[in-house]
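A quick write-up on the structure given underneath.
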Amino acid sequence: MSDLLARHRAVMPNWMALYYNEPIEIVGGKGNRVVDADGKSYLDFFAGILTNMIGYDVPEVREAVERQLATGVVHTSTLYLLRTQVELAEKIARLSGIPDAKVFFTNSGTEANETALLLATYARGTDQVLAMRQSYHGRSFGAISVTSNRAWKNNSLSPLNVHFLHGADRHLTQFRGMSDADYIAACVDDLRHVLATAVTGNVAALIAEPIQGVGGFTAAPDGLFAAYKEVLDEEGILFVSDEVQTGWGRTGSAFFGIQNHGVTPDMMTFAKGLGNGFAVGGIVARGDLMDGPHAIGLSTFGGNPISMAAANATLDYVLDHDLQANAARTGDILISGLREAAGRLPVVGDVRGRGLMFAVDLVDPATGAPAPALAARFMEETKKLGLLAGKGGLYGSTLRMAPPLTLTEDEAREGLGILVTALETVDDEAR
Ligand code: PMP
């Protein structure tokens, strides 16, 4: 064990997961690559779990932060006006497509979801909330209540009364072989049944990820959210789209994930990539909800000047360089390349994704069962070959890839080569 790892183990909680048999220390980064303490370079296909949205050491972001630092003001208080906060809020409100939208900034996605849950429960005067199976929204008391993925839900002391709906969990026996239309009808039936038999009084909101990130980049079929939204509208239930992983053009086909479904939510939460590594999150919501009678901010630190400088520069970069189109282009190279390879690799159970958010399920070739041990092997292989990937899903057998949106076509092809080589190695070993 390295000295640093031993010191980490001594003073940091044992539940803090570290990737790889020999965890790496990242000490540098440029473009879409990072360098570890041994000087080894990696193409970053997980972008620090989607936080480094436009890569590393981006001059525009660095200079914006340096300009703010030079003013001497790192943070004062949200009790005073801050120009960059207003400017960023204006941009996000416009991009959201939500009518009369207002924005509140937090430090993280968890805080953003906590704010959404507060606003929705205040607005509707109830503790009843709907969420999706296999979801992940964070681990504060409110956010963990709407998280259904057991691996991330270590307690059940929920302050909310949550009912979980079907969406991306269509592998269940009762849904197998159904057409999308039949599946959606069955889900809507279930929603109506939950509303008629399980909830007490008003329901505040449905919170959902357009593509479930931690759940393994799994998604409900097109049409499901639109069908749910009709029922929610009938009942006056709010719809919150958690865009922490799917926002800012990552899916290639829309700027926010839920826009792929033709649905305008009442609120969206966001975080991660917007600050390109600087801590920022937030919520964009209908003005009447944001200004509701009991609504209050979650903390005094969200929207600090450094994060606002970084976030403004990052968002401008995404828009100026049309990185949504780049995500579509480079994502297509990767997803179609992986699908082609999957045809000859029995170890690959599924390839799915949208833009630069794509996943591979690894299965035991003999039984088709999820194969978490093979996913761990794949991670070691890609590390050796110089690429950082992510892992997760319900069974720890899903490989999750989400490179910076700045990925070039050459880097996409280089990364594809590494992914396919690693899959071939794992496939060989699994037989
Ligand atoms: N929502 C989703 C969809 C996420 O993926 C995450 C983080 N993985 C969160 C919320 C929580 O965000 P944060 O870690 O910034 O609190």
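Nothing in this text is a laboratory measurement; each read-out follows from the coordinates by a stated rule. Treat the numbers as computed from the prediction; the structure is a model and nothing was measured. Using ideal geometry, Cβ is built from the backbone for each residue, glycine included, and neighbour counts are taken over all protein chains shown.
The H on the amide N of residue 239, modeled in the peptide plane, is under 5 Å from the matching H of 206, 266, 267, each at least 5 residues off or on a different chain. Fewest neighbouring Cβ atoms within 10 Å first, the residues 140, 179, 148 line up as 179, 140, 148. Please report the net charge: other residues with Cβ closer than 15 Å to the Cβ of residue 81, K and R +1, D and E -1. Within the 15 Å Cβ shell, the charges total -1.
Cα centroid distance between the range 368-401 and the range 97-164, in Å? Cα centroid of the range 368-401 versus Cα centroid of the range 97-164: 29 Å apart. Annotation: amide H of residue 218 within the under-5 Å range of 212, sequence separation 5 or more or interchain, hydrogens built in the peptide plane. Here the 3J(HN,Hα) profile of the range 266-280, calculated from phi with Karplus coefficients 6.51, -1.76 and 1.60 at θ = phi - 60°, is 7, 8, 10, 10, 8, 5, 6, x, 4, x, 6, x, 7, 6, 8 Hz, Gly and Pro shown as x. Arranged from fewest to most other beta-carbon atoms within 10 Å of their beta carbon, 382, 269 become 382, 269. Using the Cβ-Cβ distance between residue 5 and residue 83 with R0 set to 60 Å, the FRET efficiency from 1/(1 + (r/R0)^6) comes to roughly 0.85. Mean-square fluctuations from a GNM of the chain, with a 10 angstrom spring cutoff on Cα atoms, peak among 82, 224, 117 at 82.
The charge dipole of the chain, taken about its Cα centre with unit charges on the Cβ of Lys, Arg, Asp and Glu (plus for the first two, minus for the last two), comes to roughly 620 debye.
For residue 281, nonlocal amide neighbours, meaning residues 5 or more places apart or on other chains whose placed amide H falls under 5 Å from its own, are 106, 107, 108, 303. Among 15, 152, sorting on how many other beta-carbon atoms sit within 10 Å of each Cβ, with the fewest leading, yields 15, 152.
Modelled label positions at residue 67 and residue 380, each set 7 Å beyond Cα in the direction of Cβ, lie 4.9 nm from each other. Computed packing ranks the peptides 202-210, 258-266, 317-325 as 202-210, 258-266, 317-325, most packed first, by mean other Cβ atoms within 10 Å.
Using C-alpha pairs under 8 Å with a sequence gap of at least 6, the mean separation divided by the residue count of the chain gives a relative contact order of 21 percent.
Classification of the chain by its C-alpha gyration tensor yields an oblate form. The axis ratio a/c (a ≥ b ≥ c) is 1.5 or more, and b/c is at least a/b.
Only one residue of 155, 173, 185 has its Cα farthest out toward the positive end of the dipole of the range 152-201, where Lys and Arg carry +1 and Asp and Glu -1 on Cβ, and that residue is 155.
Ellipticity at 222 nm from helices only: DSSP H runs of n ≥ 4 in the chain, each -39500 (n - 2.57), divided by the residue count, give -12000 deg cm²/dmol.
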